[in-house]
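Student: What follows is a single structure, and I will ask about it in a moment.
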Amino acid sequence: MKNLKNIYILCAAVIGLTSCSKSFLNELPPTAIPVTSSIKTEGDLSDAVNGMYSTLRSINSFGGNIPIIGDELADNTYVSSSNSGYYLAEENYVLISTNAEAAQIYSQCYYSILQANRIIAAPVPGSNNVSQLKGEAYTARALNYLMLVNFFAAPATVSAAGVGVPIITSPEYVTGPFIKPSRATVGAVYKQIISDLDSAYLIMPTTGTTLHATSSDYISKYAAKAIESRAYIYEGDYPDAIAAAQLVVQNGGYTLVSAANLVSYWDNPAAITSKVETVFELELNLANNNGFQSFDNFYNQGGYGQNLVFQALYNLYSPTDSRINLFLLNQPQHAGVVLNKWINTLNGTDRDNIKIIRYSEVLLNLAEAYAQTGDNVNGQKYVNMVAQTRDPAFLGYTDIGTQLVNDIVNEKRKEFVGEGLRLFDLDRLQLTINRPAQTGAISFLATIPTSDYRRLLPIPQTEVDANKATVQNPGY
């Protein structure tokens, strides 16, 4: 498993090899090749970006751990008593400094950041294609930092001055003296995230390029703004969340999938160009997928099928809500509620893509930002756009103030179950995690107050040992 310590050692080894007289000893491993030598043309840059997407698809991050743990540490999903043995530590909140999944998320996100840094720094002559590709890298770097600061640091809504995660923007970790980065403040990490997303939006063409046409499996100009609306919501900066989300709503050209087409939308394993619902997703196909370890196999009954939805959450859906058709009940393998968003795990020609951000989230971010700033009319308007599209029989939310915020957060819970966002909402809003009693579940911690240190993942012990400036989170 790659981690920062391994990268330090790798770079140190490369420096030592350069003193040897044999020319073949001067060959550098791929992640240590200077950007001036490895990325020279638009074609090189495109190859590097495709490689960067591959790092995002890893089971260690968005292809597995991130979406699973984001729901399992919260109150959306649980592990069946009939299970494969995976994610039991998270289910029971038995988290220690050597937790495997925490270490995998941490190291994989930084590995993705390293690839993005190399792309951003590559001295390739400017063009629309280059601007598009570098914008994708800026966005990917921001997305990784957003995951890191939310999994490993206390929310910005609690203290922007709190300890965040190391910020590394250089394409190589060693440029002379041995560099051991310390943890930046949460506020500084968010400043970097917003700067990257603003940079991406500024330089990316509106309509895509000849190398990366407008398609949901590539990051677009308005995907950067959509992710920025999430970042501002997590930071508690609601006026700027409104501005970012409105740019997507007014100029992005996206629409919600209809109630009648919701199941077929999830049944479609291919990327889209229609801008219906999906803003950005990671492409998985027959040749490029995570195999049986893919996170969808933890839900799909043709795979492990061990991650089930709490009955109490399922009960929140109205019988006329189209989202209720995304669940299966009492399957042969498990008696509980099965989430059926990922249908193509065993498809012989294509696999389900990994949804990173959807248009419904942009609208719900916009609704919450308005509600949080006291604009009840617009808060109701945008939450009802989603709620009434999903359930045409629903008359709409009419609450105001705190209750309207609660309505929107609950609507997010129903909309994004299985997509890994629930924990971040509970953390940033400082809400107690209440897991209801559940037949067929393994033993789990039912109530997790905001004071429980295990709501943050531990900094991997290997990183703390290698770099004393990388202090451990309290309690570990």
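Student: Suppose the chain between residue 202 and residue 158 were pulled fully straight at 0.36 nm per residue; how much longer would it get relative to their current alpha carbon spacing?
Tutor: That pair, residue 202 and residue 158, stretches by 12.8 nm at full extension.
Student: Of the peptides 192-200, 422-430, how do they stack up when ordered by the mean number of other Cβ atoms within 10 Å, highest first?
Tutor: Per-residue Cβ counts within 10 Å, averaged per peptide and sorted highest first, yield 192-200, 422-430.
Student: Still on this structure, please answer the following. To the nearest 500 deg cm²/dmol, what mean residue ellipticity at 222 nm is calculated for the chain from DSSP H runs of n ≥ 4 alone, each contributing -39,500 (n - 2.57), summed and divided by the residues? Write down the numbers at each step before the final one.
Tutor: Values: 17 runs with 207 residues, N = 476.
When only DSSP H runs of four or more count, the value is -13500 deg cm²/dmol.
Student: Estimate the FRET efficiency between residue 261 and residue 403 by the formula 1/(1 + (r/R0)^6), using the beta-carbon distance for r and 25 Å for R0, to the nearest 0.05.
Tutor: Plugging the Cβ-Cβ distance into 1/(1 + (r/R0)^6) gives 0.20.
Student: Another one. Take the residue pairs 180/275; 221/468; 275/381; 275/414; 191/468; 225/414 and return only those whose Cα atoms are more than 31 Å apart.
Tutor: Cα-Cα > 31 Å for 180/275; 221/468; rest within.
Student: May I pose another question? At a temperature of 25 °C and a viscosity of 0.890 mPa s, determine how fast segment 303-356 diffuses translationally according to Stokes-Einstein, using the Kirkwood radius over alpha-carbon pairs as Rh; express D in µm²/s, rounded to the nearest whole number.
Tutor: So the translational diffusion coefficient is about 196 µm²/s.
Student: How much length, in nm to one decimal, is gained on full extension between residue 40 and residue 251, taken as 0.36 nm per residue of separation minus their Cα-Cα distance?
Tutor: 72.6 nm
Student: Per-residue counts of other Cβ atoms within 10 Å, averaged by peptide: what ranking do you get for 114-126, 285-297, highest first?
Tutor: On the way: 114-126: 19.0, 285-297: 16.9.
Descending packing order for the listed peptides: 114-126, 285-297.
Student: A follow-up question, please. Got a number for carbon plus sulfur as a percent of segment 344-476's accessible area, 1.4 Å probe?
Tutor: 53
Student: Express in % the proportion of alpha carbon pairs of segment 332-414 at distances exceeding 16 Å.
Tutor: Details: 2011 of 3403 pairs.
Tail of the P(r) past 16 Å holds 59 percent of the pairs.
Student: With each label point set 7 Å from Cα along the Cα-Cβ vector, what nm distance links residue 325 and residue 453?
Tutor: 4.9
Student: Treat each spin label as a single point 7 Å out from the Cα along the C-beta direction, and report the residue 394 to residue 431 distance in nm.
Tutor: For the pair residue 394/residue 431, the computed spacing is 1.4 nm.
Student: To continue, here is another question. What is the distance, in nm, between label points placed 7 Å from the Cα along the Cα-to-Cβ direction at residue 465 and at residue 54?
Tutor: So the label points at residue 465 and residue 54 sit 3.0 nm apart.
Student: If you don't mind, there's one more thing I want to ask. Please tell me the relative contact order of the chain in percent, rounded to the nearest whole number, where contacts are Cα pairs under 8 Å and at least six residues apart. Before the final figure, lay out the partial values.
Tutor: Working: 870 pairs, mean separation 98.9, N = 476.
Result for the chain is 21 percent.
Student: Once you order the gyration tensor axes a ≥ b ≥ c over the Cα atoms, which shape class does segment 435-476 get: rounded for a/c under 1.5, otherwise prolate or oblate by comparing a/b with b/c?
Tutor: Judged from the Cα gyration tensor, segment 435-476 comes out prolate (a/c at least 1.5, a/b above b/c).
Student: A further question on this structure: (1) 29.9; (2) 22.9; (3) 25.8: which one is Kirkwood radius over Cα pairs in Å as calculated from this entry?
Tutor: (2)
Student: Expressed as a rounded percentage, what relative contact order does segment 59-203 have, with Cα pairs under 8 Å and six or more residues apart? Mind dumping the intermediate values first?
Tutor: Numbers: 154 pairs, mean separation 32.0, N = 145.
Answer for segment 59-203 is 22 percent.
Student: Based on the mean of other beta carbon atoms within 10 Å per residue, what is the order of 466-476, 270-280, most packed first?
Tutor: Highest to lowest by the protection proxy: 270-280, 466-476.
Student: Further question: Between residue 287 and residue 439, what FRET efficiency follows from the Cβ-Cβ distance if R0 is 45 Å, with the result rounded to 0.05? Walk me through the numbers before you get to the answer.
Tutor: Values: r = 41 Å, r/R0 = 0.90.
My answer for the efficiency is 0.65.
The values are calculated or read from the model by the stated rules, or taken from the named source; none is laboratory data. Since the model is a prediction, treat every value here as computed from it, not as a measurement. FYI the Cβ positions are ideal-geometry reconstructions off the backbone, even for glycines, and counts take in every protein chain you see. Surface areas here come from the heavy atoms of the whole protein model, side chains and all, with no ligands, DNA or RNA. Shrake-Rupley method; radii C 1.70, N 1.55, O 1.52, S 1.80 Å.
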